[in-house]
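Read the structure below first, then the notes.
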6 protein chains.
Amino acid sequence: MRPSKRAADELRKVSLERGVARYAEGSCLVKFGETHVLCTASLEERAPPWLRGTGKGWVTAEYAMLPRATHERTRREVTAGKPSGRTQEIQRLIGRSLRSVVDLAAIGEKQIVIDCDVLQADGGTRTAAITGGWVALHDCLQWMRGRSMVSGNPLRDHVAAISCGVAQGVPVLDLDYAEDSSAETDANFVITGAGGLVEVQGTAEGKPFSEEELLAMLRLARQGVGRLIELQKLAVM
Amino acid sequence: MRPSKRAADELRKVSLERGVARYAEGSCLVKFGETHVLCTASLEERAPPWLRGTGKGWVTAEYAMLPRATHERTRREVTAGKPSGRTQEIQRLIGRSLRSVVDLAAIGEKQIVIDCDVLQADGGTRTAAITGGWVALHDCLQWMRGRSMVSGNPLRDHVAAISCGVAQGVPVLDLDYAEDSSAETDANFVITGAGGLVEVQGTAEGKPFSEEELLAMLRLARQGVGRLIELQKLAVM
Amino acid sequence: MRPSKRAADELRKVSLERGVARYAEGSCLVKFGETHVLCTASLEERAPPWLRGTGKGWVTAEYAMLPRATHERTRREVTAGKPSGRTQEIQRLIGRSLRSVVDLAAIGEKQIVIDCDVLQADGGTRTAAITGGWVALHDCLQWMRGRSMVSGNPLRDHVAAISCGVAQGVPVLDLDYAEDSSAETDANFVITGAGGLVEVQGTAEGKPFSEEELLAMLRLARQGVGRLIELQKLAVM
Amino acid sequence: MRPSKRAADELRKVSLERGVARYAEGSCLVKFGETHVLCTASLEERAPPWLRGTGKGWVTAEYAMLPRATHERTRREVTAGKPSGRTQEIQRLIGRSLRSVVDLAAIGEKQIVIDCDVLQADGGTRTAAITGGWVALHDCLQWMRGRSMVSGNPLRDHVAAISCGVAQGVPVLDLDYAEDSSAETDANFVITGAGGLVEVQGTAEGKPFSEEELLAMLRLARQGVGRLIELQKLAVM
Amino acid sequence: MRPSKRAADELRKVSLERGVARYAEGSCLVKFGETHVLCTASLEERAPPWLRGTGKGWVTAEYAMLPRATHERTRREVTAGKPSGRTQEIQRLIGRSLRSVVDLAAIGEKQIVIDCDVLQADGGTRTAAITGGWVALHDCLQWMRGRSMVSGNPLRDHVAAISCGVAQGVPVLDLDYAEDSSAETDANFVITGAGGLVEVQGTAEGKPFSEEELLAMLRLARQGVGRLIELQKLAVM
Amino acid sequence: MRPSKRAADELRKVSLERGVARYAEGSCLVKFGETHVLCTASLEERAPPWLRGTGKGWVTAEYAMLPRATHERTRREVTAGKPSGRTQEIQRLIGRSLRSVVDLAAIGEKQIVIDCDVLQADGGTRTAAITGGWVALHDCLQWMRGRSMVSGNPLRDHVAAISCGVAQGVPVLDLDYAEDSSAETDANFVITGAGGLVEVQGTAEGKPFSEEELLAMLRLARQGVGRLIELQKLAVM
């Protein structure tokens, strides 16, 4: 039995609320149970320097947690003067994941920044951020289409993410903090609407995992992402 | 006529929502119109080093804005590696204001950190943060009292803050962003429940202001703070 | 009786010595008793980026203390890698105060930097810096006028600053360090030659202050600033 | 045909040279073709603070590239003042991978630091670092056993790593820089001597990859790691 | 003919004014012509960590220039977040030079910090700082002796420093900024009262220098330091 | 008798191996006994900003040690966020030394960066770096000549460096770490092929040194540099 009483293949209660940030071109408050992430999409007039003259744009992401998103207060990263390794890993993952479904040439030499700020953290913040970040990005691109700033639809597909784990020997879906802390293996899957794999990251926390466990987690993830993409569709309808 | 159509002595719609952060010892989401600040109070076991052996505790504050709280996206301060001068000024002001109504000896050698994170900014974020921070602090102290961690009630009074300005020659209460940008003079007042002045900060943006204008703004501020403290009382009832 | 034996409305011995820095366009060594601040004005060919194309210039200030300006040695801020919150607050105040009496359009797209370096600190360094900074700025503008770099006189008025406090219940003028440490309330006033208020900053260190105390301090400040402006006039004669 | 003319399942020429750093407790110069990484193991008397009192030790890794390891000179990270996100991701991966085969309780409250400095980079530096880092770690633990600093053998298994990719639609083993730059998918696998998976990281660079491709890459990786572990065995014989 | 009309072996006008910083344990304003350096000595209760338990103390130095000490304003180093290489080289040199004449065991586990702040710079700031720093150090040690904090006299000798150069083929003493900028060779000599060499640093700016030139500069330096030490004796008399 | 059994005027075994870095325009692995430094020369298309429009180029150097080059592991400088004072002193010295033999006008507005990374440190790393850096620079300039990027030969002479010391009263050549730690005096000499002095840096570690000792060290240095330049000639033959 999971600490949360959920079935092995059961997501937490997920919600995706659009339009929560008055000034952003797109925004979404995503909740995976007690994990709450505010995602905003900001259009910036200038693409990064390495794209000058290519006609292509860029989508990037930044990630941070409010100091008291967690059980114990966490020191602000500005106090240390730089983002932690974990923060950088997560924001690189979010950016890569979202770029995988965008036609960067269609948006021209502009940049869209997806800010993912964790208001409350109970495990799975990066997967929630990717899932909600897609909604914010969608709305930003719609905003641009409404102003004829893009040609065609630069958004080629949905993309969403979910964590899986092996806890007490059993593959389970969508770990919360309690489960994540004790699982033997932790894996994050980023999957498109068409079912393609964008990112697979499996890590043994204690003993190594087997190919069978990897495949079992992948099956759970496909199912979970399928449900998340349904919710994205409802959200942007 | 003010841009917001409000009367000169009229506050924006203010709300104070308690208990919004699941893990914090105290929390409050404060809204002054479109300005939204999430305030949390975190109890830390250790007081700052300079208080070791004094038996006294400390209340401090940190302040930040989400990058897309504003009309244009603002760069995260962690990217610059340090908080800006404006951020530091504001967090020092919030800390001083809240400490003015706390009996630091009664809380012992502990520290309470008030984190004020601006989710949306439309002017007056620092005054909203002080007003909502008081509620978060109140709840944290109640939490401590419930665990017999303090003797008596360390909270001696209410404290709240409001901005005033002189706009087109007329003293007005509670400036929003549009009004703040164009006002000749901008002043912040921090006032206790007993009516004592904790902080008065008046700044001429263009031409200097007169003693009469200072006094007119002070009168408006007293009235506004009176209303804010009524709302604090309702919130913690 | 004040620790310094001064009357409640008595300034410390103030002196303003011009032309003390051989290479600067303007300079002033200002002394308020044992507080000594070296102010220099440096003309820079380029205005800050946000003024490009506006035809307007800028006046800004930087502030620092020598490590052994104080009773105990203070660590250099470069060792911490960034200026403290206090330093940033002070330099922003000095800059705002001096800009309030300058016609920024008259100086063109240039920048004048007022460096205020505290050689010895006995309270009131920021008010001394504003008062002496005005002299350095005056001389820099004269230097520019001598070279026909400005049209007309960009300096519209005098501006000077003084601190007041409530010590043992009595409003007093121009606090030194000993008095500042023990005063219940501390306030800084920046006032122009025409008597306009540029900045009023009152802070309760312990118990809140009353409107009467604020007004009593303001009266003392007006008198003190009047005397400081007489000394500025003598200095630049 | 691969740019290097290798077969799809063919490793580059791999060598593991022990004892190359005179002062380190363990060291290995690992070469995967033109990728050369110097790995040293340093025993430190103190474990990280969070292990105080647990009786457990720690193994951590640091990673860097010499500025001219690459085709174009890369700026030193010390110039930017902090390690890049990529560097932090890699050093976290190396540390996790090596810890997966060490009995941390057996080494007591000490720390072993594996420094992986890339002398020359032609793709696959992180997998070379894990593979060579194991040899350096092995020798450091032997050094400790020779001095009776550990009880039993804290090293429970081999661990090695290899990259795979899908290039022009074909799964291939051990990408060099040219192949890595153009592959559609890039995956790193960290596998133990017993065949357990420690880390699986697959990333679509362009279009998403399929489950079949993931499994084909995993098969190649198992084969490659098998060969690397044979070479580790020869190296420490 | 030198730009300053001085003879080849002629110092600039040198003065050493003691007791200029009210709060420091020792201080000296040293002037070598238009180069003015304020040196203070601060006694700190704690020696650096690496001396714990040795019974020995330490003397260290810090060096900085006011932004407008120079012809053109120089950016404050705190703005860059770290001292420049030049600053670090100079403060290490001052510290080593002064330690060469102090019995560190006699001062016990304490630290004396010599702060050298350049108020005005016209070449030779590091040599002026060493020469004036000795006076500040002397007075700090006297202050300690007056309080029986040291046994005997920890100051074993005088030490002073001077620059020399080869300008237009002629060895000259005590370069000012104009001469320093154009000299082919620049050398600094730190010499004790007994005539021992503490530091010799000769640098060819353009073409290399010969042994004869080195020796000619050394002869000039001995003569100059002899004069500086006479002035130190007068200053502390 | 020296700890290494060498005669007073005997160098350690020195070797200069060219072409060790596959991608660099020039490279050299230099060994002075157990001190091993990898020097690479990288051609960069842009000269530093202060040379824009002068037609001149620049040669600069960077220096670092691998963390376990030394007996005890040294923390990476990137962890502290900035290069130490020692590192900056050394890289400035290497750059000045190499520039002394280059015709900067002949290389045009380009920059050559000499990276000196210490793989193993047993004293004398900076002198090894200068000696090996010359070889890397030579090869980079040859590479440029082969592509007609320079006119004539911009390399005017050889330059090499060696340390000397006074150990137990005896002047000795080429100190290793053991000797360096105990020597009373330590001096570094940078000398050209024509015998000119580029840099002389003598430091008394304990008691001051005499002119005779300085000259004796200089004689040893001339002899040692003569031998090093012979080896450079053989290396680039």
Teacher prompt: residue E:184 distances to equivalent labels in other copies, 7 Å Cα→Cβ, nm: 3.5, 6.9, 6.9, 7.6, 7.9
Mean separation of Cα contacts under 8 Å (6+ apart) over length of the stretch E:93-200, as relative contact order %: 28
Cβ-placed point charges (K, R +1; D, E -1), dipole of the protein assembly as shown about Cα centre in debye, nearest 20: 0
Chymotrypsin sites (Phe, Trp or Tyr not before Pro) restricted to DSSP loop in the stretch A:47-81 with at most 14 other C-beta within 10 Å: none
Global form of chain B, assessed from the alpha-carbon gyration tensor, a/c cut-off 1.5: prolate
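Please give the average number of partner chain Cβ atoms lying within 10 Å of the Cβ of each residue in C:183-191, rounded to a whole number. Spell out each step's value before the answer.
Details: counts 0, 0, 2, 0, 1, 1, 1, 3, 1.
For peptide C:183-191, the averaged partner shielding equals 1.
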Within the stretch B:152-174, backbone nitrogen closer than 17 Å to the virtual label 7 Å beyond the Cα of residue B:4 toward Cβ: B:161-168, B:170-174
Relative contact order (%) - criterion: Cα under 8 Å, at least six apart; region: chain B: 22
Rounded to the nearest 20 debye, dipole of the stretch B:13-57 from Cβ charges on Lys, Arg, Asp, Glu: 100
Per-pair calculated FRET efficiency, R0 = 51 Å: residue B:20 and residue D:182 via Cβ, rounded to 0.05: 0.55
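Strictly over 29 Å apart at the Cα level, which of A:31/C:82; B:56/D:82; E:56/F:207; A:207/D:233 would you flag in this model?
Numbers: A:31/C:82 38 Å; B:56/D:82 37 Å; E:56/F:207 17 Å; A:207/D:233 22 Å.
Distance filter (> 29 Å) returns A:31/C:82; B:56/D:82.
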Extension gain (nm, one decimal) between residue F:205 and residue F:54, 0.36 nm per residue minus Cα-Cα: 50.1 nm
Choice from E:42, E:148, E:15 with maximal GNM fluctuation in chain E (Cα, 10 Å cutoff): E:148
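What value does the stretch F:133-237 have for Rg/Rh, both radii from Cα atoms and Rh as Kirkwood defines it? Walk me through the intermediate numbers first.
Numbers: Rg = 16.6 Å, Rh = 15.1 Å.
Over the Cα atoms of the stretch F:133-237, Rg/Rh equals 1.10.
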Within the stretch B:1-16: backbone nitrogen closer than 20 Å to the residue B:168 label point (7 Å, Cα to C-beta): B:1-12
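Quick one: putting +1 on the C-beta of Lys and Arg, -1 on the C-beta of Asp and Glu, what dipole do you get for the stretch A:150-234 around its Cα centre, in Debye to the nearest 20? If you can, show how the numbers build up before the last one.
Working: 6 positive and 13 negative charges, 97 e Å.
With Lys and Arg at +1 and Asp and Glu at -1, about 460 debye.
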FRET efficiency for residue A:75 and residue B:212, using Cβ-Cβ distance with R0 set to 51 Å, rounded to 0.05: 0.65
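Which shape class applies to the protein assembly as shown: rounded if a/c is under 1.5, otherwise prolate when a/b exceeds b/c and oblate if not, where a ≥ b ≥ c are the square roots of the Cα gyration tensor eigenvalues? All intermediate terms of the calculation are to be shown ahead of the outcome.
Details: a/c = 1.69, a/b = 1.00, b/c = 1.68.
Cα axes put the protein assembly as shown in the oblate bin.
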Selected from B:85, B:148, B:48, residue furthest toward positive end of dipole (chain B; charges at beta carbon): B:148
Overall form of the stretch D:64-190 per C-alpha gyration tensor (a/c, 1.5; a/b vs b/c): oblate
At 7 Å out from Cα toward Cβ: residue D:211 inter-copy label distances (nm, ascending): 1.4, 7.6, 8.3, 8.3, 8.9
Exposed trypsin sites (Lys or Arg not before Pro) absent: longest stretch of chain A, with sites in DSSP loops and at most 13 other Cβ within 10 Å deemed exposed: A:148-237
Spin-label pair residue E:142/residue A:86, simplified geometry with 7 Å Cα→Cβ offset, distance in nm: 5.8
Centre separation in Å (Cα based) which lies between the stretch E:180-227 and the stretch D:52-108: 47
Rounded to 5, the percent of DSSP beta bridges in the protein assembly as shown classed as antiparallel: 85
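No value in this document is a laboratory result; all are computed from the given coordinates. The structure presented is a predicted model; accordingly, all values stated were derived computationally and were not measured. Neighbour counts are summed over all protein chains in view; Cβ atoms, including those assigned to glycine, are modelled from backbone coordinates with ideal geometry.
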